[in-house]
Amino acid sequence: GENVEQHPSTLSVQEGDSAVIKCTYSDSASNYFPWYKQELGKGPQLIIDIRSNVGEKKDQRIAVTLNKTAKHFSLHITETQPEDSAVYFCAASGDYGGSQGNLIFGKGTKLSVKP
Amino acid sequence: KAGVTQTPRYLIKTRGQQVTLSCSPISGHRSVSWYQQTPGQGLQFLFEYFSETQRNKGNFPGRFSGRQFSNSRSEMNVSTLELGDSALYLCASSLKRSTDTQYFGPGTRLTVL
């Protein structure tokens, strides 16, 4: 089945710096790649997503890139702020034959932004 | 538009008991998926319901079950609770199918003693 690897597991940056989180997936049938932010005591919140017919998507300080050939996608956060501190999860989904559409998550990256 | 709501938010049970968790999706959303989140295993898919039918199931034992009602609200049930069932149970709703964007609720924190 699909497997999503996420790196790094922890990331510490200074306020104002950029942060990059990378994920790789194994199943070429994956065609949807969302990123979620989870703060303590809350459920995951969708921050950006990309589908396989698009190579890059940007929303203010957040961008996601997708390389289908290499089977990897990345989250870029620019001008980081302390409120960006959280755990970030990448995920993949697609039509995997008998199991359609459920999200396969990476293990998460704990991002700490130091003021 | 109101988000996904889950009740209760916290539960404490003892081994061998059973538990029922409830999820109300975003208005108009017809697909509800359930996930288990633990520190060791991360986020794992349990099952998905659409139009009152289970459409997809993850690799969990039969003690984990669910259902969906005609108003799209969903419940999941865990019978014969084990210590390892302690986790955050998350519900996500999407418009028509789980390949649409999924929006998560705050979760139910289950502790099994």
When only DSSP loop residues count, what chymotrypsin sites (Phe, Trp or Tyr not before Pro) in the range B:23-113 have their Cβ near at most 14 other Cβ atoms within 10 Å? B:Phe69
Could you name the aspartates and glutamates in cross-link range of A:Lys42, using Cα to Cα under 18 Å and dropping any fewer than eight places away on the same chain? A:Glu83, A:Asp84
Could you compute how much accessible surface A:Ser112 exposes when probed at 1.4 Å, giving the result in Å² to the nearest 10? 50 Å²
Tabulate in residue order the Karplus-calculated ³J(HN,Hα) for the range B:51-67, using 6.51 cos²θ - 1.76 cosθ + 1.60 with θ = phi - 60°, rounded to whole Hz; enter x for Gly and Pro. 6, 6, 10, 6, 9, 7, 9, x, 8, 10, x, x, 5, 9, 9, x, 7
Could you name the lysines whose alpha carbon sits less than 28 Å from that of A:Lys68, not counting residues in the same chain fewer than 8 places away? A:Lys22, A:Lys37, A:Lys57, A:Lys58, A:Lys107, A:Lys110, B:Lys57, B:Lys96
Ignoring ligands, DNA and RNA and using a 1.4 Å probe, state the total buried accessible area between B and A in Å², rounded to the nearest 100. 1600 Å²
Would you please give the residues with an amide H less than 5 Å from that of A:Arg61, counting only those at least 5 places away or on a separate chain, with H modeled from the backbone geometry? none
Set the Förster radius R0 to 35 Å, insert the Cβ-Cβ distance between A:Asp59 and A:Asp95 as r into 1/(1 + (r/R0)^6), and round the FRET efficiency to 0.05. 0.85
To the nearest 10 square angstrom, how much accessible area does B:Leu113 have with a 1.4 angstrom probe? 110 Å²
Find how many whole Å separate the alpha carbon centroid of the range A:1-38 from the alpha carbon centroid of the range B:1-55. 24 Å
How shielded is A:31-38 by partner chains, expressed as the average number of their Cβ atoms within 10 Å of its Cβ atoms? 2
Most positive-pole-ward Cα, B:Pro106, B:His29, B:Val78, against dipole of chain B from beta carbon charges: B:His29
Highest GNM mean-square fluctuation, chain A, Cα pairs closer than 10 Å: which of A:Thr24, A:Thr80, A:Thr69? A:Thr69
How would B:Glu52, A:Glu2 line up by accessible area, probe 1.4 Å, largest first? B:Glu52, A:Glu2
Stretched out fully, how many nm does the piece from A:Asn31 to A:Gln81 gain, at 0.36 nm a residue minus the Cα gap? 14.9 nm
Testing the spin-label approximation: label points 7 Å from Cα along Cα→Cβ at B:Asn77 and A:Lys114. State their distance in nm. 5.2 nm
When ligands, DNA and RNA are left out and all protein chains stay put, how many square angstrom of accessible area per residue does the protein assembly as shown have with a 1.4 Å probe? 48 Å²
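The values are calculated or read from the model by the stated rules, or taken from the named source; none is laboratory data. This one's a predicted model, so the numbers in the text were calculated from it and none came from an experiment. When we count neighbours, we look across all protein chains shown, and the Cβ atoms used for this are built from the backbone with ideal geometry, even at glycine. Protein only, heavy atoms only, side chains kept; ligands, DNA and RNA dropped before computing areas. Shrake-Rupley method; radii C 1.70, N 1.55, O 1.52, S 1.80 Å.
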